[in-house]
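Quick notes on the structure that follows.
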Amino acid sequence: MRYEGNVFRPFSEASSYLLQCTIGCSHNRCTFCGMYNTVKYRIRSIEEIREDIKMAKDHFGDIEKVFLCDGDAIAIETDTLLEILKTLYATFPSLRHVGSYVGPQSTLSKTMLELKALRAAGLTKAYLGVETGDTALLQEIRKGVTAEEMLQAGLNLNNAGINLSSMVLLGLAGRGPRSREHALATAEITNKMRPRYLAALTVTPVPGTVLYRQIQNGDFKLLDPFETLEEMKILFENITIDNLKFVGVHASNYLPVNGTLQKDRDAMIAVVEKVLNERDASMIRPESMRGL
């Protein structure tokens with residue numbers, strides 16, 4: 001298999017064939033992200049992509065799941081994406097799932113007809129980096145959209161019938177009163193967006209990023225592990241939609257918590273409260289075991 005740069009994919013796509021459709025991310029300006037800083041963004045040719053699909057067929061035979069890499073495959077022209085999906089489903093008879101990271105700007109650049117066409121062609125899941133529901137904070141991290149625009153991107157994916165996974169970042173506002181504001185705003189946008197999955201990660205400094213330099217300069221104060229759990233608890237207390245799968249087992253998190261809101265809400269809050277009440281460092285993931 002050919003792949004340029006480092007491989008990044010959601011942990012839920014661990015068993016998927018990773019098809020690199022773009023190199024890097026079309027936005028690539030978020031202050032906290034260093035995933036694609038070593039590559040120059042470009043869209044691979046449909047000929048290259050078809051060759052890779054053929055190689056995957058020769059190597060794997062039939063497969064059930066595909067993830068379109070890199071950071072924002074939905075930025076590709078819709079006709080090309082439709083051709084990629086058509087080729088994938090023609091090549092792999094058992095294919096049932098095609099997922100992709102999606103950026104809010106790239107998503108908003110598609111019409112509803114285009115998004116529905118992509119879903120009809122077999123794009124089944126979209127992973128949207130929402131990060132926060134706080135417009136001022138979105139501006140500070142250079143996400144490129146307001147909270148209202150982020151919400152619209154999520155709603156458009158939902159309305160197109162694409163399974164939406166929202167990704168948010170605990171600790172993104174740093175220490176101080178904005179921590180609670182960030183958590184409350186994130187719960188609010190989640191209630192309005194109604195994703196099927198909510199994946200919470202915890203801010204982790206990456207050398208070479210703007211955020212890393214802000215921390216080094218003392219301009220950003222990281223939350224301690226227990227403060228990030230306070231934000232997680234605020235999410236649980238203020239998200240009101242039903243049947244939301246909360247995925248909190250990412251390697252960046254200090255405490256792995258999974259469950260379905262509202263069904264498991266009280267139990268999830270109790271898990272977090274126990275750690276917050278005891279403040280026992282042995283109950284949380286040590287820094288040496290955390291990762292991205």
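The values are calculated or read from the model by the stated rules, or taken from the named source; none is laboratory data. The structure presented is a predicted model; accordingly, all values stated were derived computationally and were not measured. All Cβ positions, even for glycine, are placed from backbone atoms using ideal geometry, and neighbour counts span all protein chains on display.
General observations
- From the list Gly154, Gly171, the one residue that fits, being buried (at least 22 other Cβ atoms within 10 Å of the Cβ) and under 23 Å from Lys125 (Cα atoms), is Gly154.
Per-residue answers, yes or no, for (1) touching a residue at least 24 places away in the same chain (Cβ under 8 Å); (2) closer than 23 Å to Leu292 by Cβ; (3) among the acidic types (Asp, Glu):
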| residue | (1), (2), (3) |
| --- | --- |
| Thr190 | yes, yes, no |
| Gln214 | yes, yes, no |
| Pro225 | yes, yes, no |
| Glu231 | yes, yes, yes |
| Asp242 | no, no, yes |
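- Qualifying residue in segment 36-44 (condition: farther than 20 Å from Pro104 by Cα and touching a Cys at 6+ places or on another chain (Cβ under 7 Å)): yes
- Residues in segment 210-247 that are under 18 Å from the mean Cα position of the chain (by Cα) and either over 22 Å from Lys143 (Cα atoms) or part of a loop (DSSP other than H, G, I, E, B) (or both): Leu244, Lys245, Phe246, Val247.
- The helices (runs of 4 or more DSSP H) found wholly in segment 54-130 and carrying at least 3 residues that are surrounded by 15 or more Cβ atoms within 10 Å (Cβ to Cβ) and among the β-branched types (Val, Ile, Thr) occupy 78-91.
Here's the yes/no breakdown for (1) in contact with a Phe, Trp or Tyr (Cβ under 9 Å, 6 or more places away or on another chain); (2) surrounded by fewer than 16 Cβ atoms within 10 Å (Cβ to Cβ):
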{"position": "Leu198", "(1), (2)": "yes, no"}
{"position": "Gly218", "(1), (2)": "no, yes"}
{"position": "Lys221", "(1), (2)": "no, yes"}
{"position": "Glu227", "(1), (2)": "no, no"}
{"position": "Ser288", "(1), (2)": "no, yes"}
{"position": "Leu292", "(1), (2)": "yes, yes"}
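- Members of segment 11-23 found to be modelled with pLDDT of 85 or more and within 17 Å of Gly129 (Cβ to Cβ), listed by number: Ser12, Glu13, Thr22
- Here Ile46 passes the criteria (1) in contact with a helix residue (DSSP H, G or I) (Cβ under 7 Å, 6 or more places away or on another chain); (2) surrounded by 15 or more Cβ atoms within 10 Å (Cβ to Cβ); (3) modelled with pLDDT under 90 except the one numbered (3).
- Filter pass, Leu19 being outside any loop (DSSP other than H, G, I, E, B), farther than 30 Å from Ala173 by Cα, touching a residue at least 60 places away in the same chain (Cβ under 8 Å) and of a type outside the set (Phe, Trp, Tyr): yes
- Residue list for segment 131-155, filter: aliphatic (A, V, I, L, M) and either outside any loop (DSSP other than H, G, I, E, B) or under 30 Å from Ala90 (Cβ atoms) (or both): Ala136, Leu137, Leu138, Ala147, Met150, Leu151, Ala153, Leu155
- Residue ID - farthest from Thr78 (Cα to Cα), chosen from residues in segment 115-138 that are hydroxyl-bearing (Ser, Thr, Tyr) and touching a His at 6+ places or on another chain (Cβ under 9 Å): Thr132
- Criterion violated by Lys263 - all others in (1) surrounded by 13 or more Cβ atoms within 10 Å (Cβ to Cβ); (2) not in a helix (DSSP H, G or I) satisfied: (1)
- One residue from Glu13, Glu83, Glu51 being among the charged types (D, E, K, R) and touching a residue at least 60 places away in the same chain (Cβ under 8 Å): Glu13
- Take the conditions (1) at pLDDT below 95; (2) under 13 Å from the mean Cα position of the chain (by Cα); Val206 misses just one of them, which is (2).
- Of the residues Met150, Met112, the single one that is farther than 25 Å from Val247 by Cα and in contact (Cβ under 8 Å) with a residue 12 or more places away in the chain is Met112.
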